[in-house]
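A quick write-up on the structure given underneath.
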Amino acid sequence: MTAWTRIGIAAIAVLALSAFAPTPGALVPASVAAERPLSDAELKKINGWIADQGRDIAVSAVITEILGLTKNEETLSARGYAALDPENGNEIHQIFILPEGKGYLADHFHQDKVEVYWADKDLVLLTALSGVRGAKPEIMFFQEAQAGFNSELTWWAKYADKN
């Protein structure tokens, strides 16, 4: 068998396999935001709390730089709302609306750990980090981050329904 014959067979195999391969996006939901555990009504309620009862807070430059929101130790101020979860050992949940349409930050403080999730304006997760108090946080693996972010949104949905 010549080299050209092998190349021809390989090309035919690639074409045949690609015919059976799923199209790009076939395994990915059309709208991740549509599947989020937080309804539009619950998000509207939370956005109202942020606007009416929230505070403008300087977000840690270390965190915003790791997430890619700032560079060179720039500070970023965002309006946020915090809630205490007495059912789970007084854990703290915070949600911020970022300036310039950069989306949301959601923080979850529990025990000596913190997770910070950055999502776009439709609450589609962009990236996340976690760490322990006093140590530099690190970027989370995306699957772990997505699971944690969904859990955080579920917590906010329940909180919005109760309050």
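The values are calculated or read from the model by the stated rules, or taken from the named source; none is laboratory data. Here the structure is a predicted model, which means the values were calculated and not measured. Counting neighbours? That spans all protein chains shown, and the Cβs are built from the backbone with ideal geometry, glycine included. The area values use the complete protein model at the heavy-atom level, side chains included, leaving out ligands, DNA and RNA. Shrake-Rupley method; radii C 1.70, N 1.55, O 1.52, S 1.80 Å.
List of remarks:
- Stretched out straight at 0.36 nm per residue, the stretch from Asn150 to Asp52 would grow longer than its current Cα-Cα span by 32.8 nm.
- Tyr104 accessible area, assembled protein chains, probe 1.4 Å, Å²: 20
- Scalar couplings 3J(HN,Hα) for region 126-142, obtained by applying the Karplus form with A = 6.51, B = -1.76, C = 1.60 to θ = phi - 60°, are 9, 6, 8, 9, 8, x, 10, 4, x, 10, 6, x, 10, 4, 8, 4, 4 Hz; x denotes Gly and Pro.
- Applying a DSSP loop filter and a limit of 12 other Cβ atoms within 10 Å to the GluC sites (Glu not before Pro) in region 80-163 leaves nothing.
- Heavy-atom accessible surface of region 74-157: percent carbon and sulfur, 1.4 Å: 52
- Nearest-10 value in Å² for the accessible area of Val59, using the 1.4 Å probe: 20
- Solvent-accessible surface ranking, highest first, for Leu123, Leu84 at 1.4 angstrom: Leu84, Leu123
- Length released on extending from Glu74 to Lys162, taking residue separation times 0.36 nm less the Cα-Cα span: 28.0 nm
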